[in-house]
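Structure, as structure tokens:
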């Protein structure tokens with residue numbers, strides 16, 4: 001069974017009705033808000049100590065306190081102990097995990113007003129790269145999700161894109177290139193702007209025409225939306241070098257491609273889009289994850305609202 005199914009079963013069997021109500025509530029919140037959204041789709045036997053330690057570290061890196069990490073760790077450790085007793089796994093992957101205070105990573109994103117200059121540079125480099133990176137900014141997709149998109153995932157009638165798989169850039173020849181979505185929540189449908197979809201339709205027509213010219217050398221195994229003229233996805237190095245060159249062109253610090261995803265979220269939040277909508281567009285497992293990552297944006301918006309209120313109060317007095 002997968003981890004999410006087991007954890008719910010463990011909670012209902014060994015905790016509910018046997019522990020205090022506050023303990024049950026704390027354990028349930030830890031499972032539903034932290035563990036299951038991140039690890040729930042993994043098979044129970046595939047959770048290795050290093051994978052769990054990285055997950056535990058990520059809680060601290062998102063800005064949570066060590067105490068919060070401990071509240072998450074305790075039910076997981078107990079559930080894994082029971083899994084060993086039940087014979088589901090041979091060793092507890094959480095038995096030697098450590099909780100240490102780590103510095104919070106600075107969220108890296110591009111100021112929205114810089115996006116036009118970045119896209120102009122990328123479109124000049126090639127229309128294919130421009131339309132690819134504009135898709136990232138427009139949708140908040142992960143790179144591996146965008147590279148995996150096929151023509152069947154596009155609905156031209158309602159201007160939506162379906163995400164139900166990802167591209168495994170690190171796969172060997174013996175491994176599958178299609179790696180599935182990160183979590184069940186990552187399987188989603190994103191509404192795109194009509195203006196962008198018109199450009200995308202032009203690009204798709206070009207790809208179809210190119211397929212005729214390339215002939216038998218064209219990759220017919222998949223109908224990827226984006227990629228090289230032979231039908232294969234853009235290599236990681238091509239995408240990295242293009243984005244790096246764009247950052248240099250606008251004289252900006254080097255940002256990872258994943259910053260396009262953060263940029264998309266920041267734009268939506270600062271525009272007043274509800275956190276729940278942003279969560280669904282990004283494919284996060286819970287709204288708690290989204291609010292944790294972008295807490296600085298909400299604080300900025302709160303401060304802005306407070307300043308506006310103060311100004312209005314002063315104007316009313318005068």
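The values are calculated or read from the model by the stated rules, or taken from the named source; none is laboratory data. Predicted model, so just to flag it, every value in this text is computed and none were measured. All Cβ positions, glycine included, derive from the backbone under ideal geometry; neighbour counts span all protein chains shown.
How many of the residues making up segment 5-46 are under 18 Å from residue 85 (Cα atoms) and under 26 Å from the mean Cα position of the chain (by Cα)?
The number of residues fulfilling the criteria is 8.
Table: residues versus (1) touching a residue at least 60 places away in the same chain (Cβ under 8 Å); (2) over 30 Å from residue 254 (Cβ atoms).
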residue: 79; (1), (2): yes, yes
residue: 89; (1), (2): no, yes
residue: 113; (1), (2): no, no
residue: 119; (1), (2): no, no
residue: 127; (1), (2): yes, no
residue: 132; (1), (2): yes, no
residue: 155; (1), (2): no, yes
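Across segment 214-272, which residue is modelled with the highest pLDDT among those that are on the phi > 0 side of the Ramachandran plot and surrounded by fewer than 19 Cβ atoms within 10 Å (Cβ to Cβ)?
Only one residue tops the list, namely 251.
If you scan segment 5-55, which residues turn out to be closer than 20 Å to residue 288 by Cα and in contact (Cβ under 8 Å) with a residue 60 or more places away in the chain?
Selection gives 7, 32, 33, 34, 36, 37, 38, 40, 41.
Residue 98 fails exactly one of the following numbered conditions: (1) part of a helix (DSSP H, G or I); (2) within 30 Å of residue 262 (Cα to Cα). What is the number of that condition?
It is condition (1) that residue 98 fails.
Can you say whether residue 110 is under 22 Å from the mean Cα position of the chain (by Cα) and modelled with pLDDT of 95 or more, as far as the supplied structure shows?
no
So how many residues does segment 239-256 have that are in a helix (DSSP H, G or I) and farther than 17 Å from residue 168 by Cβ?
9
Taking segment 172-195 as the region of interest, how many residues are buried (at least 17 other Cβ atoms within 10 Å of the Cβ) and modelled with pLDDT of 80 or more?
Within segment 172-195, residues that are buried (at least 17 other Cβ atoms within 10 Å of the Cβ) and modelled with pLDDT of 80 or more number 4.
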